[in-house]
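The block underneath contains the structure these notes are about, expressed in structure tokens.
FYI, it's all coordinate maths here, none of it is from the lab. Quantities reported herein were computed from a predicted structural model and do not represent experimental measurements. Reconstructed Cβ throughout: ideal geometry from the backbone, glycine too, with neighbour counts over all protein chains shown.
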């Protein structure tokens, strides 16, 4: 069952770039709440509280009990947020109001557990997808989906179809969408190529030696014939 987390925001009357910049300097995040039917509400929230919720992990599938001013709580999901990479600051937040009786789609983190067999054989685990999209009732959204990679060998991959969704939840990401793979490291690949070159070189030297011995034997027979 999805966890419920509280968040309080204030209605944002003034809009525009200048006003938003003033809000950010004051430690507030401007945002928009999208409501059923296409309506929307502008708000601003405490940047520290928003950052805390995002850092907790799994926030995209967490149910947020949102209080606007002093109204009754609304049920919402985090839709998206923008971050300033230079200041490491959340600069905008979009929320989506939902009905607990209607299914929704959300991105859920994929957590890989265990050490792949291929890593023990000299490979490296590369996770190419950090999330998958799922459909469920808001309260049935999982915080994350785990997958045990212990049996994944060299050259093998994990796809969305390999993941097991919790009860009441369906994975809607394409079945063949890649999640992770185990590949040879560059060092191991270079070592294999060097070994192959050495083997090819040794085979070539052996063939050359056999050819030289054959030529020497022919010369001896000719000398004997001439001596006779």
query: residue 107 versus residue 18, label points 7 Å from Cα toward the beta carbon: distance in nm?
result: 3.5 nm
message: I want to check the label-to-label distance for residue 139 and residue 26. Put each point 7 Å from Cα in the C-beta direction and report it in nm to one decimal.
response: 3.7 nm
statement: Computed over the range 4-98, the convex hull of the Cα set has an average projected area, in nm², of 6.0 nm²
query: Per 5 Å bin, what is the whole-percent P(r) computed from every C-alpha pair distance within the range 136-184?
result: 4, 19, 26, 22, 15, 8, 4, 2, 0
task: Determine, for each peptide in 112-122, 127-137, the mean count of other beta carbons within 10 angstrom over its residues, then list the peptides with the highest first.
output: 127-137, 112-122
field: Gain in span if fully extended, residue 162 to residue 5, counting 0.36 nm per residue against the direct Cα distance
entry: 53.5 nm
field: Hull volume in cubic angstrom per residue (convex hull over the Cα atoms of the range 55-134)
entry: 144 Å³
query: Convex hull over the Cα atoms of the range 12-167, averaged projected area in nm²?
result: 11.9 nm²
field: Potential lengthening between residue 89 and residue 67 on full extension [0.36 nm per residue; Cα-Cα distance subtracted]
entry: 5.7 nm
- request: State, to one decimal in nm, how far the label point of residue 128 lies from the label point of residue 185, with both points 7 Å from Cα in the Cβ direction.
  value: 2.2 nm
- request: Using only the alpha carbons of the range 105-186, determine the length spanned along each of the three principal axes and report them from longest to shortest in whole angstroms.
  value: 43, 20, 15
